[in-house]
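Right, one structure below, let's go through it.
The values are calculated or read from the model by the stated rules, or taken from the named source; none is laboratory data. These numbers were taken from a predicted model, which means no experiment stands behind them. Note that we place each Cβ from the backbone using ideal geometry, even for glycine, and neighbour counts take in every protein chain shown.
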Ligand code: ADP
Ligand code: MG
């Protein structure tokens with residue numbers, strides 16, 4: 001798409017927290033399995049962006065993460081690639097034990113457009129694997145989405161309101177979650193979704209903080225986001241790329 005990621009190489013990257021894993025310079029020696037490397041190649045990605053260089057090893061090490069980087073810096077792949085890699089690691093177990101599979105990963109995103117983008121990227125990166133991804137969002141007929149969600153999936157991407165509809169009706173549960181991603185956290189805050197998100201985090205079916213990996217992504221890092229990171233994340237690393245306003 002003619003995007004020039006080289007300019008990011010001169011950007012300041014700051015990681016804080018305990019036991020910070022080394023950044024990965026190339027997808028090839030990042031520990032991602034061959035299927036993912038093939039799908040990355042098909043996507044035309046030559047090398048990781050700065051947020052990907054740092055986030056990949058952090059997520060692969062099983063750590064919680066709060067990452068701030070500007071729009072267009074590649075945050076989607078920064079969480080999808082290591083997440084799909086880890087889900088595939090246990091794929092045998094997923095096949096054997098689950099005809100119906102409860103979501104292993106839930107990604108919460110503010111808008112229908114962004115949710116569909118994440119859904120398409122997830123399908124692209126998990127192509128030719130057993131990973132099934134389902135998307136749910138408001139403003140569309142609920143029936144088809146409910147049918148899809150109730151058939152089971154590994155990755156569920158959705159907007160806060162529609163996700164809550166489904167869990168409240170018992171059509172999906174959060175009890176098998178290994179990953180929870182809050183994408184575009186600052187936008188979700190601006191759009192007034194925090195009560196919905198707080199309710200999801202405290203939902204009776206939600207697995208405990210220490211039993212899942214929680215990842216938060218944001219373009220800015222205002223005080224409310226810092227507070228949420230402190231509340232929802234467990235012994236997390238904080239990654240900031242470039243100039244992050246607040
Ligand atoms: P953000 O979520 O940070 O706003 P996106 O994840 O939407 O950014 O990525 C912005 C664009 O850059 C997308 O079109 C994506 O496909 C592309 N992109 C992401 N990572 C890479 C990469 N390593 N190499 C080339 N293009 C990339
Ligand atoms: Mg994004």
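When only residues in segment 78-115 that are within 14 Å of residue 152 (Cβ to Cβ), in contact with a helix residue (DSSP H, G or I) (Cβ under 8 Å, 6 or more places away or on another chain) and assigned to a helix (DSSP H, G or I) count, which is modelled with the highest pLDDT?
My answer is 87.
Can you tell me which residues in segment 116-130 are away from ligand 1 (no atom under 13 Å from the Cβ) and touching a helix residue (DSSP H, G or I) at 6+ places or on another chain (Cβ under 6 Å)?
Once the filter is applied, which keeps residues that are away from ligand 1 (no atom under 13 Å from the Cβ) and touching a helix residue (DSSP H, G or I) at 6+ places or on another chain (Cβ under 6 Å), segment 116-130 yields 126, 127, 129, 130.
Tell me, which strands (runs of 3 or more DSSP E) wholly within segment 128-241 include 1 or more residues that are touching a strand residue (DSSP E or B) at 6+ places or on another chain (Cβ under 9 Å), more than 16 Å from ligand 2 (Cβ to nearest atom) and over 17 Å from residue 105 (Cβ atoms)?
237-241
Just the residues that are away from ligand 1 (no atom under 15 Å from the Cβ), within 16 Å of residue 87 (Cα to Cα) and surrounded by 12 or more Cβ atoms within 10 Å (Cβ to Cβ), please, taken from segment 18-41.
Answer for segment 18-41, where residues must be away from ligand 1 (no atom under 15 Å from the Cβ), within 16 Å of residue 87 (Cα to Cα) and surrounded by 12 or more Cβ atoms within 10 Å (Cβ to Cβ): 31, 33, 35.
For segment 42-52, which residues satisfy the criterion of being within 11 Å of ligand 1 (Cβ to nearest atom) and either over 18 Å from the mean Cα position of the chain (by Cα) or assigned to a loop (DSSP other than H, G, I, E, B) (or both)?
43, 44, 45, 46, 47, 48, 49
Kindly indicate the residue of segment 131-149 that is without any contact (Cβ under 8 Å) to a residue 24 or more places away in the chain and out of contact with any helix residue (DSSP H, G or I) (no Cβ under 8 Å at 6 or more places or on another chain) and also nearest to residue 43 (Cα to Cα) among those meeting that condition.
148
Give me a count of the residues in segment 53-77 that are in a helix (DSSP H, G or I) and more than 6 Å from ligand 1 (Cβ to nearest atom).
Final tally of qualifying residues: 8.
Is there a residue in segment 134-154 that is within 16 Å of ligand 1 (Cβ to nearest atom) and under 22 Å from residue 27 (Cα atoms)?
no
For every residue, the table says whether it meets (1) over 21 Å from residue 59 (Cα atoms); (2) modelled with pLDDT of 95 or more.
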{"site": "160", "(1), (2)": "yes, yes"}
{"site": "169", "(1), (2)": "yes, no"}
{"site": "182", "(1), (2)": "no, yes"}
{"site": "211", "(1), (2)": "no, no"}
{"site": "238", "(1), (2)": "no, yes"}
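Give me the pairs, please: first residue somewhere in segment 43-64 and on the phi > 0 side of the Ramachandran plot, second residue anywhere and buried (at least 22 other Cβ atoms within 10 Å of the Cβ) and outside any loop (DSSP other than H, G, I, E, B), beta-carbon distance under 8 Å, and either six or more positions apart or on two chains.
62/213
Just name the residue that is surrounded by the most Cβ atoms within 10 Å (Cβ to Cβ) out of those in segment 163-186 that are within 16 Å of ligand 1 (Cβ to nearest atom) and free of Cβ contacts under 8 Å to residues at least 60 places away in the same chain.
185
Please work out which residue is nearest to the chain's Cα centre (by Cα), limiting yourself to segment 56-72 and to residues that are crowded, with 21+ Cβ neighbours inside 10 Å and within 12 Å of ligand 2 (Cβ to nearest atom).
Per the criteria, the residue is 67.
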